[in-house]
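What follows is a short report on a single structure.
The values are calculated or read from the model by the stated rules, or taken from the named source; none is laboratory data. Remember, predicted model here, so these are calculated numbers, not experimental data. Ideal geometry is used to build each Cβ from the backbone, glycine not excepted, and the neighbour counts take in all protein chains shown. When the accessible area is computed, the model is the full protein with side chains, heavy atoms only, and any ligands, DNA or RNA have been set aside. Shrake-Rupley method; radii C 1.70, N 1.55, O 1.52, S 1.80 Å.
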Amino acid sequence: MRAIKLAAPGGLDRLTVSEQADPGQPKAGEVRVALHATSLNFHDYLVCSGKSPTADGRIPMADGAGVVEAIGEGVTDFQVGDHVVSCFFPDWQAGPPTVGDFRRVPGDGIDGFARDAVVLPPTAFTKAPAGWSHKEAATITTAGLTAWRALVVDAGLKAGDTVLALGTGGVSIYALQIARAMGAQVIVTSSSDEKLARAKDIGATHTINYRSEPKWGQKVMELTGGRGVDVVVEVGGPGTLGQSLQAVRIGGHVALIGVLTGVSGEVPTALLMAKQARLQGLIVGSRQEQEDFVRALDANGVRPVIDRTFAFENLADAFRHQESGSHFGKIVVSW
């Protein structure tokens, strides 16, 4: 069977398609899944570009969607033919966070889903939303679940709230869609007027070009009548956190998801204290939270925004497209 492997020390030109032994039939307590799609995330890019080193020969990609081909003795969660999607933390089944690193994350600490088939415990997957294509389902594992946890699990989003989503990448567009489906208003930032227009088309209440409005935190306050937003989906990190704290309401919630502007920096502690805001770091979510998210998707009709689809052997080109920053929503690879 085919697999894409990453040669040390990493780099997009070190991704190669190779043949490897078929994983065979599942043993007791295992399922065999034929994989058909993955989607790209910033974490995958860090690994494949060599910025976050991994083992030589690692099979990349945390997201994997496909169909159950066979089940081992004792498996009750799935039946042959079920469409499934992978879990980012296969060992975190439910409850509060239990992991703070990537040692057991597919595509980083263990082999991921850029391959034709896997045999794994059923706890490494959940069912996919009904009627979704494999490439749609592949967007759930990392970006979709991150947005869901940020808004619903951690922030307790409710109808009538206002959300600020930074940028138009996979997490932020999912956050826009989830928030709108739940009756919240959404403000979206970007440096591209074209992307902001597209965000409006899919439900953004207000948009801000952060290049023409460098003090966009104050602009958010104006747009909300001086109140601020209930939740900020903060994907930038230290370079944007100050403005995010300006934008959040007193007693609001800042979901710190990304490190696009760096991994460390100054936190405006006086402003955080004055706003009495909750600053919550998070990395994706548990299997139970993913099951809850899938049930919500089945009920609310949200479908992911897919920017572009690449072939299996063109994974490196897909990452180069991600590098360009021109995408809107998710980039997927389908086979």
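Of note:
Here is a yes/no grid of residues against (1) part of a loop (DSSP other than H, G, I, E, B); (2) surrounded by fewer than 19 Cβ atoms within 10 Å (Cβ to Cβ); (3) β-branched (Val, Ile, Thr):
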site	(1), (2), (3)
Gly203	yes, yes, no
Glu213	yes, yes, no
Asp230	no, no, no
Ala255	no, no, no
Met273	no, yes, no
Gln288	no, yes, no
Glu291	no, yes, no
Pro304	yes, no, no
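- Candidate set: the stretch 306-335, residues that are closer than 24 Å to Leu196 by Cβ, charged (D, E, K, R) and touching a residue at least 60 places away in the same chain (Cβ under 8 Å); chosen: the one surrounded by the fewest Cβ atoms within 10 Å (Cβ to Cβ): Glu323
- Test set (1) open to solvent by 30 Å² or more (accessible area, probe 1.4 Å); (2) within 19 Å of the chain's Cα centre (by Cα); (3) under 21 Å from Gly258 (Cα atoms); (4) in contact (Cβ under 8 Å) with a residue 12 or more places away in the chain - His36 fails condition number: (3)
Rundown of residues vs (1) among the charged types (D, E, K, R); (2) modelled with pLDDT of 90 or more, yes/no style:
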site	(1), (2)
Thr240	no, yes
Leu245	no, yes
Ile250	no, yes
Ile257	no, yes
Val267	no, no
Gln276	no, yes
Leu279	no, yes
Ile283	no, yes
Arg295	yes, yes
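- Sole residue being open to solvent by 10 Å² or more (accessible area, probe 1.4 Å), part of a strand (DSSP E or B) and under 21 Å from Val152 (Cα atoms), chosen from Arg249, Arg180: Arg249
- When the stretch 44-62 is limited to residues that are touching an Asp or Glu at 6+ places or on another chain (Cβ under 8 Å), more than 13 Å from Leu12 (Cβ to Cβ) and of a type outside the set (Gly, Ala, Ser), the one that is surrounded by the most Cβ atoms within 10 Å (Cβ to Cβ) turns out to be Met61.
- Ala3 being aliphatic (A, V, I, L, M), under 16 Å from Glu313 (Cα atoms) and either under 21 Å from the mean Cα position of the chain (by Cα) or open to solvent by less than 40 Å² (accessible area, probe 1.4 Å) (or both): yes
- Residues (in a loop (DSSP other than H, G, I, E, B) and open to solvent by less than 40 Å² (accessible area, probe 1.4 Å)) located in the stretch 189-201: Ser192
- Flag if Val333 is outside any helix (DSSP H, G or I), hydrophobic (A, V, I, L, M, F, W, C) and farther than 30 Å from Gly228 by Cβ: yes
- Flag if Ala296 is among the small types (Gly, Ala, Ser), in a helix (DSSP H, G or I) and open to solvent by 60 Å² or more (accessible area, probe 1.4 Å): no
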